[in-house]
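Working notes for the structure below.
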């Protein structure tokens, strides 16, 4: 997946450049390496079939895979699946990755670690600029793909203000749509979500990365079977 910028210049940061205490694992299919939370773990279930372990907590020895459709299809074929059974399993994986991301965002909201909308961004940026020593708590911006141009421009103004005042460029990822974000926030269309707090940021970031890795190839945006830039 090529590193891109949104239409208004919002960066999609290469995750491999971020500091992480996550151990490194090797993809069982491509032999590329990445941190544990970037790869998708599988274990062998009691029936001998591979079971996806999105939370990374199931017992047993795990196999780690960079979650592109190509890699996952090869993994399932090695385990004996063929044809429509492979496609059905891929669809199930995609749904599970989406569900886990949405669950993480909902958990952030219940824990008071989620803000949304332009006003929330303005308040967070103002607080960061006025804070002691320009300290900025970890945050992750999620931008809906159908965000209007004028809203993007206003968000970019806030981003430039934060960068100029405290030398922080917020991490932004673009996915899903305003209706989906609005459902997570209680109704109505929402263009931007802001996840706060180190622990939740780390979880949601990893879930975003894995889902984007899966969807990018699914929608034909990748070239051949190349792995995402953020895999080591």
| task | Return a yes/no flag: does the range 83-94 have any residue that is touching a residue at least 60 places away in the same chain (Cβ under 8 Å) and at negative phi. | result | yes
| Check on residue 100, touching a helix residue (DSSP H, G or I) at 6+ places or on another chain (Cβ under 8 Å) and either in contact (Cβ under 8 Å) with a residue 24 or more places away in the chain or not assigned by TED's automatic domain parsing to the domain that holds residue 162 (or both) | yes
| query | How many residues, within the range 94-117, are under 18 Å from residue 144 (Cα atoms), in a helix (DSSP H, G or I) and touching a strand residue (DSSP E or B) at 6+ places or on another chain (Cβ under 7 Å)? | reply | 2
| said: Consider the range 74-85. How many of its residues are surrounded by fewer than 18 Cβ atoms within 10 Å (Cβ to Cβ) and part of a helix (DSSP H, G or I)? | reply: 5
| query | Is it the case that residue 130 is closer than 30 Å to residue 47 by Cα and without any contact (Cβ under 8 Å) to a residue 60 or more places away in the chain? | reply | no
| field | strands (runs of 3 or more DSSP E) contained entirely in the range 28-72, each with at least 1 residues that are under 22 Å from residue 82 (Cα atoms) and either in the same structural domain as residue 89 (by TED's automatic domain parsing) or in contact with a helix residue (DSSP H, G or I) (Cβ under 9 Å, 6 or more places away or on another chain) (or both) | value | 40-44, 50-53, 63-65
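The values are calculated or read from the model by the stated rules, or taken from the named source; none is laboratory data. Since the model is a prediction, treat every value here as computed from it, not as a measurement. Note that each Cβ is placed from the backbone with ideal geometry, even for glycine, and that neighbours are counted across all protein chains shown.
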